[in-house]
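J.: Here's a structure for you.
The values are calculated or read from the model by the stated rules, or taken from the named source; none is laboratory data. All of these numbers come straight from a predicted model, not from anything done at the bench. Methodologically, a virtual Cβ is constructed for each residue, glycine included, from the backbone with ideal geometry; neighbour enumeration extends over all protein chains shown.
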Amino acid sequence: MSGDDGPPSSGEEPPQFVQYGMDIVGSAGAVLLVGLLLFAVSGVWPPLVAIESPSMDPHIEKGDLVFVMEEERFAGPNAVHGVVTNQRGEEYVRFEQRGDVIVYKPDGSERRTPIIHRAMLYVEDGENWYSRAEPEFIGDADNCSELTNCPAPHAGFITKGDNELSNRKYDQIGSNPISEPVKPEWVIGTAEYRVPLLGEIRLGWNQAAQPTTATAG
């Protein structure tokens, strides 16, 4: 005698592929929720950037994941446009040196990879800032006329990577400077915390998706 077992009872587990799909959706939802919470705190999207170069070694290393915050939210003492520079930092230390580390768009470009370097000083439009520069970071320039971007073509931040081996000069000087003085509107945010090596995952993702990355470095 044959019989019909009838429909599965409500207590049975769903098919494996359905459960797998539910797990993926749940995980994606959790990641999105965390991202939205971080965005609510930082005011910057994406709030986490992966570091793709050693220009900030040893304080921020290649492959780190860095949390970035909108610079005006919790600005430190003596801040200029929300950023505390190395020259104005006094006891304000970020990543083991004075002054904020900023993420900025070089020359304001949306197409170039953002740079994460330390804000060293702020210059005004037309300023001769030669006397305020650190002599070891200006190369062979003996006066303002021999110093790139001096007088300053506009107001902005003079920046530099912490790596003394690969970044011996300010970003704004030399035959092919990384950027003109960084206008406040070019600043994406300030680096606040780093998670070692976790950025390698994101860098691998980006490299698989496209030839060049869009992360700060």
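J.: Please tell me if residue 3 is more than 20 Å from residue 171 (Cβ to Cβ) and at pLDDT 85 or above. First the steps, then the outcome.
T.: Working: more than 20 Å from residue 171 (Cβ to Cβ): yes; at pLDDT 85 or above: no.
Answer is no for this residue.
J.: Give me the pairs: first residue in the stretch 34-62 and under 15 Å from residue 102 (Cα atoms) and at pLDDT 90 or above, second residue crowded, with 16+ Cβ neighbours inside 10 Å and among the aromatic types (Phe, Trp, Tyr), beta-carbon distance under 8 Å, and six or more apart or on different chains, which are they?
T.: Correct list of pairs: 56/95; 59/95; 60/95.
J.: Can we say residue 161 is assigned by TED's automatic domain parsing to the domain that holds residue 89, touching a helix residue (DSSP H, G or I) at 6+ places or on another chain (Cβ under 9 Å), closer than 30 Å to residue 74 by Cα and of a type outside the set (Phe, Trp, Tyr)?
T.: Details: assigned by TED's automatic domain parsing to the domain that holds residue 89: yes; touching a helix residue (DSSP H, G or I) at 6+ places or on another chain (Cβ under 9 Å): no; closer than 30 Å to residue 74 by Cα: yes; of a type outside the set (Phe, Trp, Tyr): yes.
Judged against the criteria, residue 161 is not a match.
J.: Going through the stretch 161-178 one residue at a time, which ones are within 16 Å of the chain's Cα centre (by Cα), buried (at least 24 other Cβ atoms within 10 Å of the Cβ) and not acidic (Asp, Glu)?
T.: Result: 161, single match.
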